[in-house]
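Chemist: I have a structure here, written as structure tokens, and I will follow up with some questions on it.
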Amino acid sequence: MPTDAFESVFRPYIDRQELEFGRRHLRLPDGGEAELYCGDLAELDCVMVSRFSLGMFLDLLTDFLRRVDSVILAPGGPTLMVDPAQAAHLPAELADDVAVVSSGTDIQNALQLSYAPSRISWYGTASLSWD
């Protein structure tokens with residue numbers, strides 16, 4: 001399931017890959033970019049997002065989160081969930097600061113409460129994982 005979701009959501013926008021590093025670079029129609037690190041797609045269990053743009057990428061990320069029932073773990077920021085029921089599966093230390101997001105704009109707003117806007121736009125890193 002995670003591999004199918006990854007392929008469906010992100011594959012159309014991958015413009016270059018360095019598979020030996022698990023790196024996939026996305027270029028989006030709105031001019032945005034993102035780097036995804038995830039290793040072998042056949043064994044996909046976590047994705048790290050780095051150097052991402054605001055806009056379309058965050059909407060794609062929200063779609064991916066829904067498909068794989070995942071959360072965003074942003075270092076020093078809130079745990080971002082697409083479904084409030086996900087809170088029941090979080091370790092206590094991650095459940096203290098959570099936000100429910102339903103769009104890329106929601107992700108952007110939640111991150112802007114924790115980070116300076118310049119850190120979000122191109123330098124942000126977040127990890128996604130699921131069972």
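Chemist: Just to confirm my numbers, what's the Cα centroid distance between segment 13-33 and segment 48-76 in Å?
Modeler: If you average the Cα positions of each part, the centres end up 14 Å apart.
Chemist: Mind checking the log10 I(q)/I(0) for the chain at q = 0.14, 0.21 Å⁻¹? Debye, one equal scatterer per Cα, no solvent, two decimals.
Modeler: Debye intensities relative to I(0), on a log10 scale: -0.57, -1.33.
Chemist: Amide H neighbours of T79 under 5 Å, at least 5 residues apart or on other chains, H built in the peptide plane: list them.
Modeler: For T79, whose amide H was placed from the backbone, the distant partners under 5 Å are D97, V98, A99.
Any read-out appearing in this document is the output of simple, stated calculations on the displayed coordinates, not a laboratory observation. The structure presented is a predicted model; accordingly, all values stated were derived computationally and were not measured.
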